[in-house]
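The values are calculated or read from the model by the stated rules, or taken from the named source; none is laboratory data. In this text the structure is predicted, and so the values were computed from the model without any measurement. Here the Cβ positions follow ideal geometry from the backbone for every residue, glycine too, while neighbour counts run over all protein chains shown.
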Amino acid sequence: MTEISAREAFDAYEAVRHRLPETTPSEVSLRKAATLEEIADEFDVFLLDAFGVLNIGDTAIPGTPERVRSLKAAGKRVLVVSNAASVPHEALLEKYARLGYDFAPQDVITSRATLLGELNGQSKLHWGLMATPGDGLRDLEGLQVSYLEDDPKPYETVDGFLMIGSAVWTETRQAMLETALLKRPRPVMVGNPDIVAPREYGFSKEPGLFAHRLADRTGIAPQFFGKPFGNIYDLAFRRLGHTDKSRVLMVGDSLHTDIVGARNAGIVSALISGFGFFAGHDVEAAIKKAKIVPDFVVNRP
């Protein structure tokens, strides 16, 4: 699947602002830091995005495994809060371990888990699944699902649609999905609201891109699970227990997911500028254009 440029991704996020949580012009006095170490004393909890903060594709961002270990050694609570929906939880933990990270299972909060929490008790429904068959159905065993591939029948017969992974999604499949929804509207639940994800080769197209497109073309409003929507932050705070939100920092590389999500959740935010979405781009111009202002701009984790 052809990748998308940072400019195209930014414009795509701006075009769907009406479906994202509302943000008001910020009075934040933006601060800059080279690394998280410079501001670590101000926070007790660090919520880290994955792509663009922990890793780029299947490669750890240099120095970040060591940074996570140093934060933990200083007594900080460090959680991953990621829109990783395509990969089963156990496989995600295995990936982080390969990259040099040591996260407890309960400290990895994903949009996949957020979606599954909503689907709990809905085992009688038959779902059409946008996902890569090779990733397997671990975590989804309690659901009745059919992969959405090139056979039109599942598109016509299922009770609703789950969009969790787009690595093998095609324009032909997107057209079949939109046609099926126009013919018979049904729920669309999106386990990854991201429009893009940073990879070694550029940006990949993620489920959010296709979900917003079908919303534009069919008039059906998808239900999103993950950043910037509050459901994933609610799950994170349930895991944390009683916490002073003023001492919680969300660290991410995307204005429209990580920073909007953090502001909507009432916590402090830091935008990574040297890796991920804005690597090699003018981050201050993007902040000014979007009017989404993080509390911090940090060059690298």
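Of the residues examined, residue 47 is not one that is in contact with a Phe, Trp or Tyr (Cβ under 7 Å, 6 or more places away or on another chain), aliphatic (A, V, I, L, M) and either in the same structural domain as residue 272 (by TED's automatic domain parsing) or modelled with pLDDT of 95 or more (or both).
Of all residues in the stretch 254-269, those that are on the phi > 0 side of the Ramachandran plot have Cβ atoms under 7 Å from Cβ atoms of residues that are in a helix (DSSP H, G or I), 6 or more apart or on another chain, in 266/245.
Among the residues making up the stretch 284-301, none is in contact with a strand residue (DSSP E or B) (Cβ under 6 Å, 6 or more places away or on another chain) and within 14 Å of residue 11 (Cα to Cα). Each residue in the stretch 268-286 was checked for being among the aliphatic types (A, V, I, L, M) and farther than 20 Å from residue 51 by Cβ, and 2 pass. Just one of the listed residues (33, 6) is small (Gly, Ala, Ser), over 23 Å from residue 130 (Cβ atoms) and modelled with pLDDT of 95 or more, namely 33. Could you say whether any residue in the stretch 240-247 is assigned to a helix (DSSP H, G or I) and β-branched (Val, Ile, Thr)? No. Every condition in (1) under 25 Å from residue 236 (Cα atoms); (2) part of a helix (DSSP H, G or I); (3) touching a Phe, Trp or Tyr at 6+ places or on another chain (Cβ under 8 Å); (4) not basic (Lys, Arg) holds for residue 162 except the one numbered (2). In a residue-by-residue description of the stretch 107-114, the property of being closer than 16 Å to residue 274 by Cβ, part of a helix (DSSP H, G or I) and touching a Ser or Thr at 6+ places or on another chain (Cβ under 8 Å) applies to no position. Residues of the stretch 123-135 that are part of a loop (DSSP other than H, G, I, E, B) and exposed (fewer than 14 other Cβ atoms within 10 Å of the Cβ): 123, 124.
Taking the conditions (1) within 25 Å of residue 40 (Cβ to Cβ); (2) surrounded by fewer than 21 Cβ atoms within 10 Å (Cβ to Cβ); (3) among the small types (Gly, Ala, Ser) in turn, residue 252 satisfies each one other than (2).
From the list 236, 270, the one residue that fits, being in a helix (DSSP H, G or I) and either among the hydrophobic types (A, V, I, L, M, F, W, C) or closer than 19 Å to residue 76 by Cβ (or both), is 236.
In the set (1) touching a Lys or Arg at 6+ places or on another chain (Cβ under 8 Å); (2) assigned by TED's automatic domain parsing to the domain that holds residue 271, residue 23 fails one condition alone, (2). Taking the listed residues 215, 211, the one that is crowded, with 20+ Cβ neighbours inside 10 Å, outside the structural domain of residue 61 (by TED's automatic domain parsing) and in a helix (DSSP H, G or I) is 211, with no other qualifying. Residues of the stretch 166-208 that are closer than 19 Å to residue 127 by Cα, in a helix (DSSP H, G or I) and not hydroxyl-bearing (Ser, Thr, Tyr): 173, 174, 175, 176, 177, 178, 180, 181, 182, 183, 207, 208.
If you go through the stretch 255-285 and keep only what is loosely packed, with under 14 Cβ neighbours inside 10 Å and over 19 Å from residue 34 (Cβ atoms), you end up with 266, 285. Among the conditions (1) buried (at least 19 other Cβ atoms within 10 Å of the Cβ); (2) closer than 26 Å to residue 75 by Cβ, residue 246 misses just one, which is (1). Against the criterion of being within 26 Å of residue 229 (Cα to Cα), in contact (Cβ under 8 Å) with a residue 12 or more places away in the chain and among the acidic types (Asp, Glu), residue 118 qualifies. Restricting the stretch 168-197 to residues that are among the acidic types (Asp, Glu) and surrounded by fewer than 20 Cβ atoms within 10 Å (Cβ to Cβ), the residue that is farthest from residue 215 (Cα to Cα) is 171.
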